[in-house]
1. Carbon-plus-sulfur fraction of the accessible area of the chain, 1.4 Å probe, in percent?
2. Which longest run of the chain has no exposed loop site in it, a site being GluC sites (Glu not before Pro) in a DSSP loop with at most 16 other beta carbons within 10 Å, and the site itself not part of the run?
3. Using θ = phi - 60° and the Karplus form 6.51 cos²θ - 1.76 cosθ + 1.60, what ³J(HN,Hα) does each residue of segment 239-250 get, whole Hz, x for Gly and Pro?
4. Size of the dipole of segment 317-423 about the Cα centre, Lys and Arg at +1 and Asp and Glu at -1 on the beta carbon, nothing else charged, in debye to 20?
5. Ratio of segment 357-407's C-alpha Rg to 2.2 N^0.38 Å, to two decimals?
6. First check a/c for segment 145-226, with a ≥ b ≥ c the square roots of the eigenvalues of its C-alpha gyration tensor; if it is under 1.5, answer rounded, and if not, answer prolate when a/b is larger than b/c or oblate otherwise.
7. In whole angstrom, note down how far apart the Cα centers of segment 362-403 and segment 19-93 are.
8. May I ask for the angle, rounded to the nearest 10°, between helix 375-388 and the longest principal axis of the chain, with both axes built from Cα atoms and the value confined to 0 to 90°?
Amino acid sequence: MNGVPQTTCDTEPIHTPGSVQGHGVLLIVEPKSHRVVALSANASLVIRVPDDPVSLLDQPLSEVVSVRFLAGFEQGLRGLGQMPGDRARYFLAGLSPWNITLVVLDTAGHIGIEVTAAAGEALGGAQHAHFRGKDVDEDTVPLEVFLQRACMALRKATGFDRVMIYRFLPGWHGEVVSEDKRADTQTFLRHRFPSSDIPAPARALYLLNGLRVIPDALDLPVPLLSLPASPQTETWDLSHSRLRAVSPVHLEYMRNMGVRSSLSLALTLNGALWGLVACHARNRISLEPHDLAWCEKTAVEISNEITAQSRAARDAHAKTFTDVLSNFRPVAQSKSELCNHILSSPGDFLSVFRADGIAWVQDDRVDHVGFTPRRGDVLALAKLVRARGTRRVALETLQDLAPALNSRPTCGFMSLLFDESAFFVFRNEALREVTWGGDPSKTLASRGFGGDINPRQSFQTYVETLGGHSIPWSHDEERAFELFSNRLDALPSALS
């Protein structure tokens, strides 16, 4: 790992690597004059380059490329202007033996010309059938079934050895929730991976550029050349370029995993990153632009289904909870009355939150029902929650907030604060086994790597028995708690 920056994965500047992947050539041109302001050092693969490629910099593109290439570029500019969104991308067809794509790289409008060798016939190309996760006679299918069908369709269309759908969990750990693979390939289904495997900069890039293709982890990166006087010589932002070089950390991670080629696709929910499609192969795989476009469309279909089913589940849960609250509405005219009515008849309220206990704190008074911490512990917890400065808190372990508090079997809670009071919903410990793709406790520090970034070495199945936690609070349950908060806000603290 010589030459890897002395930093951490969460601060590694992966969007400005100063190089591109070796399977392609990148030219960067100024948006108005079309002068070449940067090019990858392997540009001789597609244009005639003198002994010193830097001599091509600051030259008009028309002096650098062939007439046919230039005509394609001008055609692409017209198409680029028709692309929606802030970051346009336009693929030029009919320029074999090259695949050429134009992409707007930055807010200044610099245009990246991405050139890769055409592999011949696309795996599916325009003949790819539109992915349908539901049969024509099915109004809906369980999300698990839909995701499994998507994995199967993607593997069939691309030829990867293993296709997984990976969902992010609280804290940005992830879990493989669906998988289709070759019989002789290791399974990661239901395996979890620590948040450090996909650090914050990588997650941010997936929202900017939802497709990441790495045809060959064995390729050496190719430096990007710029004019010495250019302020962007070392800092060209390649977030929107598919040729952006891969972090040395991730390349070693792939090799440690036995993966030579990969394709990742972002899956989103309400504009946020929900998860990824992750495709792996032990051999090199090159996909044509038509194949990649089909994969992107399939990822959009998956995201749309995730969104639709999430919305339906949220609405159904909210309706159930609204019905529960309506039972107390005729007799509850204040916060205190509503909370006390819930405490006196907690069954439905506990059921909708899958909870085990409730506590209502007013000054130094604690009213509670079911499994809750002791009175003094509840008061201490209320003070700690208030010190956070957040009205609503949802945790699956008290230890995250109060390490010294031992209140088993109670472990998880949601809290709602008011000026002089607080409402708590508690859950008991749910002892469970969690399967990881490798031991998550083997941190960088324990392996003695000091400041260097280093990926972990092993992905063998590791089973951890997790105690001291409740089952996690779902988004729907947190949304229902927000509805409860709104209901209480509309009421006075107490009747005068």
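1. Details: 12230 of 23570 Å².
Carbon-and-sulfur percentage of accessible area, whole number: 52.
2. By the stated rule (loop sites, at most 16 other Cβ atoms within 10 Å), 235-419.
3. 3, 9, 9, 6, 8, 3, 4, 8, 3, x, 5, 5
4. Values: 13 positive and 12 negative charges, 38 e Å.
The calculated dipole for segment 317-423 is roughly 180 debye.
5. With N residues counted in segment 357-407, Rg over 2.2 N^0.38 Å equals 1.08.
6. Oblate, since a/c reaches 1.5 and b/c is not below a/b.
7. 60
8. Result, in degrees: 40.
The values are calculated or read from the model by the stated rules, or taken from the named source; none is laboratory data. What you are looking at is a predicted structure, and each value in this text was computed from that prediction instead of being measured. Every residue, glycine as well, gets a Cβ built from its backbone with ideal geometry; the counts of neighbours run over all protein chains shown. For the accessible areas, the whole protein counts, side chains as well, though only heavy atoms, and no ligand, DNA or RNA atoms are used. Shrake-Rupley method; radii C 1.70, N 1.55, O 1.52, S 1.80 Å.
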